[in-house]
Amino acid sequence: MTNSVTESILTVAGLNASIEGQQVVEDVSFEMLPVGVTALLGRNGVGKTSTLRAIMGLIERSGEVTIAGERVDREPTHRIVQRGVGYVPEDREVFASLTVNENLRLAERDSTPNRQLIEELFPDLIARAGQLAGTLSGGQQQMVSLARALVNDNRVLLVDEPTKGLAPLIVMDVAKALERAAQTVPVLLVEQNLQVVRMLADKAIVLEGGRVVYDGSAEELLGNEALTKELLGVA
Amino acid sequence: MSTIILLLITGLGLGALYFLVASGLSLIYGLMGVLNFAHGSFLTLGAFAGWELSRRMGGESWGTLIASMLLGMVVGAAVAAATEFLLIRRLYNRHIEQVLVTVGLALATVALFEGIWGTDPIYVTAPPWLSQTTEILGARVPNDRFLMIGAAVLVLLGIVAFLRYTRFGLIIRAGVENRSMVTALGIDVRKAFTVVFAIGGAAAGLGGVLASHYFGYVSPQLGGSLLIFAFIVTVIGGLGSLAGAAIASVVVAILQQFANYFWGGTGDLMVVLLLAVVLLVRPTGILGKKA
Ligand SMILES: Nc1ncnc2c1ncn2[C@@H]1O[C@H](COP(=O)(O)OP(=O)(O)OP(=O)(O)O)[C@@H](O)[C@H]1O
Ligand SMILES: [Mg+2]
């Protein structure tokens, strides 16, 4: 890795992706901040999840994806992850038939997992180590999903709607965990809850119809009510 | 009473053979979504390998029997792993092509076996104890049944322990549930594909050697005829469920034995009827996951 502060950890250029022949990401280009949280925003169905899945190689894609200066757009998903990418998918995707501990063990990519951090951030999970993940509440499942990413040392985290469907109190727990994580690893965050975006994000990218329509300061976007309404459909 | 006992234990013995084939089918389908029609060939090859060894070493000794069982497992595992590595893997995520390849391989290997060993059944020799009987509650039960049952129970326990206590087992269990998420954790799930093929092939190869003693002969058709029932068992048990395959193996084989004895040889018909009823009432099988 170079020490240059300006080098982007994740760059996407001319990314296209399709699902079953239908194009869902169209010529998307952006750069993530090398530190802190970059928010990826947009109305429902504009292609945020698809963009993350395309970066991860989980769906058919073309275009350039660069992680720490190296092209990864032709690599299979597991190689991309091994380069130091942590992925927290939409809808958590915990393994319901495995225990909490087994979910974490599966995610550990080397012999020095950050168990300490997990214990600090999610003490509840340690208490429930032997419980089947499928029997956890939605909030607890989200903790497992986040913990699976944070248990490794990553160069970048891709996190898709971590607060979706959670009670306000749990939303704040998740936000705090992300804030803590973002101190050590840059995060690309898809998030509908603008309060959370305000609290965490430095930069915002807005998609519409699979394309980038805003790329700039998160504060400026959310400070401008008319623009927020126009791009995100909410104030 | 003694008839019932005899039918039950014989059914368990036959069920053990079904399970040795169905366990691999179920694991492979569960993880990869592939119905492996070549599985019967792994069994047949295991049986022939066992017989080749036993005719050289003298089939009457227990040492030979055990060695031929081990050889059947090794041959089954090696051929299955090679099949996955050389053929199935190249068609990653193309399920229809994968199934077609296994069908083609099944047909081609049967022809190959006929070319090498001929089309006639070859009779096998075994330790004399296997062809004797043991009296249980008045029933004179052929001893080979106990060998089948014991072997199948060991294989079941072995697979369960493997799935529960090893990292590969963890990957396989997770992959059965959500394969793409396993890769999204940085795991090359294809290695697990080779492993399940090898495990399934080992069980089938062992099943081949045992089947040759159950039926008393080896033939190129041996695997194909057992494979049909193993598929039925796998579907009834629930595709992808090991426990379901174990339960269904026993149920199907015992039903078959009883129907053959009490209802004038209608065993196969009853099994197909059971399959139809299960598919109508519970399309996912006894322990299958909801679609
Ligand atoms: N499996 C699929 N099959 C067909 N179309 C799909 C599939 N997944 C997504 N799409 C389509 O792709 C488009 C983008 O979906 P995507 O999930 O990326 O949107 P999103 O921005 O994440 O939406 P949300 O905010 O609701 O999560 C949508 O029009 C959606 O209908
Ligand atoms: Mg989404």
- prompt: How do A:D160, A:D73 line up, fewest other C-beta atoms within 10 Å first?
  reply: A:D73, A:D160
- prompt: How much length is gained on full extension from A:Q22 to A:R79, taking 0.36 nm per residue of separation minus their Cα-Cα distance?
  reply: 17.9 nm
- prompt: Among A:P34, A:V171, A:T112, which residue has its Cα positioned farthest towards the positive end of the charge dipole of the stretch A:10-232, with +1 placed on the Cβ of Lys and Arg, -1 on the Cβ of Asp and Glu, and the dipole taken about the Cα centre?
  reply: A:T112
statement: At 10 °C in a medium of viscosity 1.306 mPa s, chain A has a Stokes-Einstein diffusion coefficient, with Rh taken as the Kirkwood radius over alpha carbon pairs, in µm² per second, of 88
- request: Give A:K176/A:K203; B:K191/B:K289; A:K203/A:K229; A:K48/B:K191 a once-over and call out the pairs whose C-alpha atoms are over 20 Å from each other.
  value: B:K191/B:K289; A:K48/B:K191
- prompt: Mind checking the mean number of beta-carbon atoms from other chains within 10 Å of the Cβ atoms in A:53-60?
  reply: 2
query: What relative contact order, as a whole-number percentage, does the stretch B:2-281 give when Cα pairs under 8 Å and 6 or more residues apart are counted?
result: 39
- request: Compute the separation of the alpha-carbon centres of the stretch B:166-199 and the stretch B:42-117 and state it in Å as a whole number.
  value: 24
query: Sorted from fewest to most neighbouring beta carbons within 10 Å, what does the list B:V176, B:V281 look like?
result: B:V281, B:V176
statement: Between the alpha carbon centres of the stretch A:97-144 and the stretch A:168-191 the gap in Å comes to 17
- prompt: Roughly how many debye, to the nearest 20, is the charge dipole of the stretch A:10-232 about its Cα centre, given +1 on each Lys and Arg Cβ, -1 on each Asp and Glu Cβ, and no other charges?
  reply: 420
- prompt: Please state the Cα pair-distance histogram of the protein assembly as shown with 10 angstrom bins from zero: what percent is in each bin?
  reply: 4, 17, 23, 20, 14, 11, 7, 3, 1, 0
Degrees between helix B:62-83 axis and first principal axis of chain B (Cα, 0 to 90, nearest 10): 30
statement: Fewest to most Cβ atoms within 10 Å: A:T77, A:T49 sort as A:T49, A:T77
message: Per-residue Cβ counts within 10 Å, from other chains only, averaged over B:173-183: what number is that?
response: 6
query: Taking every residue in A:75-88, how many Cβ atoms of other protein chains lie within 10 Å of its Cβ, on average?
result: 4
message: Over the stretch A:1-134, what is the relative contact order in percent, taking alpha-carbon pairs closer than 8 angstrom and at least six residues apart?
response: 21
- line: Taking the alpha-carbon centre of each part, the distance from the stretch B:257-279 to the stretch A:21-55 in Å is 56
message: Suppose every Lys and Arg Cβ carries +1 and every Asp and Glu Cβ carries -1, with no other charges. What dipole size does the protein assembly as shown come out with about its Cα centre, to the nearest 20 debye?
response: 1160
Chain A: antiparallel DSSP beta bridges as a percent of all, rounded to 5: 55
- prompt: What residue among A:L194, B:L137, B:W51 has its Cα farthest toward the positive end of the dipole of the protein assembly as shown, where the charges are +1 on Lys, Arg and -1 on Asp, Glu, each on the Cβ?
  reply: B:L137
query: Suppose R0 equals 22 Å; then what is the FRET efficiency for A:S217 and A:R43 from their Cβ-Cβ distance, rounded to the nearest 0.05?
result: 0.65
statement: Given unit charges at Cβ for Lys, Arg (+) and Asp, Glu (-), the dipole magnitude of chain B about its Cα centre in debye, nearest 20, is 900
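Throughout, read-outs are computed from the coordinates displayed, never taken from laboratory work. It should be emphasised that the depicted structure is a prediction, and the values quoted were computed from it without experimental measurement. Reconstructed Cβ throughout: ideal geometry from the backbone, glycine too, with neighbour counts over all protein chains shown.
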